[in-house]
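Here is the structure we will look at.
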Amino acid sequence: MRALIFPGQGSQAVGMGKALAEAFPQARAVFAEVDDALGQPLSRLMFEGPLDALTLTANAQPALMAASLAVLRVLEAERGLDLARDVAFVAGHSLGEYSALAAAGSLTIADTARLLRIRGEAMQAAVAPGDGAMAALIGAEVETAAAIAAEAAEGAVCDVANDNGVGQVVLSGDRAAVERAVALAQARGIKRAVMLNVSAPFHCRLMQPAAEAMRAALDAVTLNPPAVPLYANVLAAPVSDPDAIRRNLVAQVTGTVRWRESIAAMAAAGVDAFSEIGSGKVLSGLVKRIAAGAAAVPVGTPDDVAAFSVA
């Protein structure tokens, strides 16, 4: 069984999608649709940079989705991929959940681009620059990380933002609380505890204003049942009901990305092949550590497309 997984923020790179657009009209059509939806030449920023502009949350989120959907459309045209026939589940890391829904036909590409632009801007605006922070605890299990976060909070916000994989947990919240958590982790012998270079404290309670913005934005678009179930970040379980998907997308803004549990659950359900659709290979590396024995392959370039088989 195969699952398609879609990358999140941090996987962006200048040049992503360029070779695909040069080789395949289906990719060019996706980039044109996203550019039109946003009223901006986002594809030029993707292909040419500069990186600091591409990395801005409001640009990176729709750009990563565009790169993923371009790959998907090319796989459908060139390799005969039929998502409903060939794929058991879709899942995406944070913003990648929107890419997964677009891939499964739940959202149009244009609506997805606009939603992700709203999401990026709302997440950036939710907390004043410098007031929030995120930190990665490497070598910590999620239970240990949660205990450290609770102790470090001292009345402020310090939440588990991402349970990414075996021994990789990310905390998010008020800067002073996250800094206390890093110090506590180091004192307790956690392998590595490092502050992350991010523009806002994602996936914590401080993002509640952004969650409300997404509630309004999602209420204004049509959301169809996906062609295959989506493994939701906040549930680590499959959902297909549009109303449930909407609720989960709102909850996801402030909730934990339960990636480790999602991959483990898909593997337990029989998935033995994970295809990472879009830019980078971060998720493929995580899958290999979470689901021993499962194949995990990034698909983002013309060569990757040529090597892809639906069998």
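The values are calculated or read from the model by the stated rules, or taken from the named source; none is laboratory data. Owing to the predicted nature of the structure, the values given are computational and were not obtained by experimental measurement. A quick note on method: Cβ atoms are made from the backbone with ideal geometry, for glycine too, and the neighbour counts reach across all protein chains shown. Please note that ligands, DNA and RNA were not included when accessible areas were found on the heavy atoms of the full protein model with its side chains. Shrake-Rupley method; radii C 1.70, N 1.55, O 1.52, S 1.80 Å.
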*asked:* Can you report the number of residues in region 262-302 which are open to solvent by less than 20 Å² (accessible area, probe 1.4 Å) and outside any loop (DSSP other than H, G, I, E, B)?
replied: 13
_Given (1) more than 23 Å from ALA161 (Cα to Cα); (2) at pLDDT 95 or above, number of the condition ALA292 does not satisfy_ = (2)
*Do you know which residues across region 33-87 are open to solvent by 30 Å² or more (accessible area, probe 1.4 Å), hydrophobic (A, V, I, L, M, F, W, C) and under 16 Å from THR301 (Cβ atoms)?*
PHE47, ALA77
*Conditions (1) touching a strand residue (DSSP E or B) at 6+ places or on another chain (Cβ under 7 Å); (2) open to solvent by 40 Å² or more (accessible area, probe 1.4 Å): number failed by ALA104*: (2)
*asked:* So, GLN26, is that one open to solvent by 50 Å² or more (accessible area, probe 1.4 Å) and under 17 Å from THR112 (Cβ atoms) or not?
replied: yes
*Tell me, yes or no, whether region 248-267 has at least one residue that is more than 15 Å from GLY92 (Cα to Cα) and of a type in the set (S, T, N, Q).*
yes
*Only one of these is touching a Phe, Trp or Tyr at 6+ places or on another chain (Cβ under 9 Å), more than 19 Å from PRO25 (Cα to Cα) and not β-branched (Val, Ile, Thr): LEU75, LEU115. Name it.*
LEU115
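Taking the conditions exactly as written (more than 30 Å from SER275 (Cβ to Cβ), of a type in the set (Lys, Arg) and modelled with pLDDT of 95 or more), does ARG175 satisfy them or not? Let's see the steps before the verdict.
On the way: more than 30 Å from SER275 (Cβ to Cβ): yes; of a type in the set (Lys, Arg): yes; modelled with pLDDT of 95 or more: yes.
Criteria met by ARG175.
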*Got a sec? Which of SER99, SER68, SER106, SER94 is outside any helix (DSSP H, G or I) and closer than 23 Å to LEU51 by Cα?*
SER94
